[in-house]
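Peer 1: Would you mind keeping the following structure in view while I ask a few things?
Please treat every number below as a calculation from the coordinates, not as lab data. Computed from a predicted model, the values in this text were never measured in an experiment. Neighbour counts run over all protein chains shown; Cβ positions are idealised from the backbone, glycine included.
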Amino acid sequence: MAYPSHTSDDTFFVESDEPCQQQQQRINMRDAAKMIARNKQEMIANELSRLAGDEYLEDIMQHMRHMEDETLPDANLIDMQREIQWFMRPYLIDFLIEAHAAFSLLPETLFLTVNLLDRYCSKRVVYKQHYQLVGCAALLIAAKYGDKKDRVPQINELNNMCCGLYDAGMFTQMEMHVLNTLDWNIGHPTVDFFTQLIVAEERDTREVEHMAAYICEIALYHRDFVSTKPSIMARASLALGRAILGKPEVNDGEWDHVENVTLLTLSQHLHQPSVTLSRKYSSTYYSRVSAKLADFLAQQAAIARRGAPPSPPCESALTSKPANVYSTPHKGLGAVPGVADGYMTPPITPDGACFGQMKEYQIVPPRCPLTPTPPPTHHVSYPQQHHMAAGPSYFEGSQAHMAY
């Protein structure tokens, strides 16, 4: 049987004597052409997005302001938690920052994670042995919401970072419970969003942007800024960053009382930041802003010492004040370098009696030191009409039932 001859060379089965090197060169040229076409499409899409953004910028900002108010957590409601105390927060934030860096997630993912965590703690009773679990669930939700699919943490990876304290099913159930508690309202205009807008408008340098990001992450550790609007935080952190770096001030309008108070409070919390956070911003990628902030604070302290009269030797002991419970605790405190720096510390003190289906508590290896538990205090009775509800039934054992 004779088959008709094909004049075109686009068939699947073509025998050719063309050398392999020439075939490979042709394939490379084809891939290069596809890449060039894809880049052109991306440039056109970005330009169209910019034009559309300029046209609807006012509507976008109005919507963001509305979302900012709707998704702001209430620190006063978190105060009413019986087991969760503010001294535990820095340990959890350290853990989230380490996990965020380990998975190379976007900057806004970290701020969205903390926002989801605080909003959940404003609405539900959280036991201390589940505090880290809620943080992991918030990180999963935030990563799925805004990051690339291949960057989203796996449950087994998070469980390893938690030293195996939880079962895989607990992560899934807590994630679903956080979503249901927040009515699936995940979107939140983070401080990173407003920072990018101001930086683009004022044409700030990369160094100022990194310093502002460092200051905003320092604020994550403290209760004073839990209920601060991201737009106010972005403006205050950029102004403070310019002052620290010696950059000229920007005349961007008048400041109201809340913005002035936020700026002043931020300046008072820059001393002794978290070791984990300071190490993160000590790299050249972040312009080494942690070292520059430390140098600035040292210069200010030296100026203050030169301007102040000498104090009697015993005066400091007589006028010493008790430690602030809201200040950021440090792992190691620099007393013994290398002993505790870099450890991923679970911010909870697990006890198996408070959780029916949790793995039986075992002594963990030295790499995972536990958070110290404060001495017992008298419980304060709360009004019955409070709307905070207890967590899911899966997290309520017969010996751990709590309700307001």
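Peer 1: What's the Cα-based Rg to Rh of the stretch 66-157, Rh via Kirkwood?
Peer 2: Here the Rg-to-Rh quotient is 0.97.
Peer 1: Separate question: Long-range amide H contacts for Arg288: which residues qualify at under 5 Å (H placed 1.01 Å from N, peptide plane, sequence gap of 5 or more or a different chain)?
Peer 2: For Arg288, whose amide H was placed from the backbone, the distant partners under 5 Å are Ser283.
Peer 1: Then there's this: Going highest first, how would you order 198-204, 79-85 by mean Cβ packing within 10 Å?
Peer 2: My ranking of the peptides, most packed first, is 79-85, 198-204.
Peer 1: So for each of 287-293, 107-113, 36-42 I average, over its residues, the number of other beta carbons within 10 Å; can you give me the resulting order with the highest mean first?
Peer 2: Those peptides, ordered most packed to least, come out 107-113, 287-293, 36-42.
Peer 1: For the stretch 160-265, divide the Cα radius of gyration by the Kirkwood radius and give the resulting Rg/Rh value with two decimals.
Peer 2: Taking Rg over the Kirkwood Rh, I get 1.11.
Peer 1: Would you tally the net charge around Val114, using a Cβ to Cβ cut-off of less than 13 Å, leaving Val114 out, and scoring K and R as +1, D and E as -1?
Peer 2: In short, -2.
Peer 1: Name the residues whose placed amide hydrogens come within less than 5 Å of the amide hydrogen of Val125, ignoring near sequence neighbours (fewer than 5 apart) on the same chain.
Peer 2: The list, which skips near neighbours in sequence, is Ala389, Ala390, Gly391.
Peer 1: Please list 3J(HN,Hα) in residue order for the stretch 216-228, calculated via the Karplus relation 6.51 cos²θ - 1.76 cosθ + 1.60 where θ = phi - 60°; whole Hz, with x for glycine and proline.
Peer 2: Computed from phi, the couplings for the stretch 216-228 are 5, 6, 4, 5, 4, 7, 10, 5, 4, 10, 4, 9, 8 Hz.
Peer 1: List Arg119, Arg151, Arg50, Arg124 from most exposed to least, where exposure is judged by having the fewest other Cβ atoms within 10 Å.
Peer 2: With the fewest neighbours first, Arg119, Arg151, Arg50, Arg124 line up as Arg50, Arg151, Arg124, Arg119.
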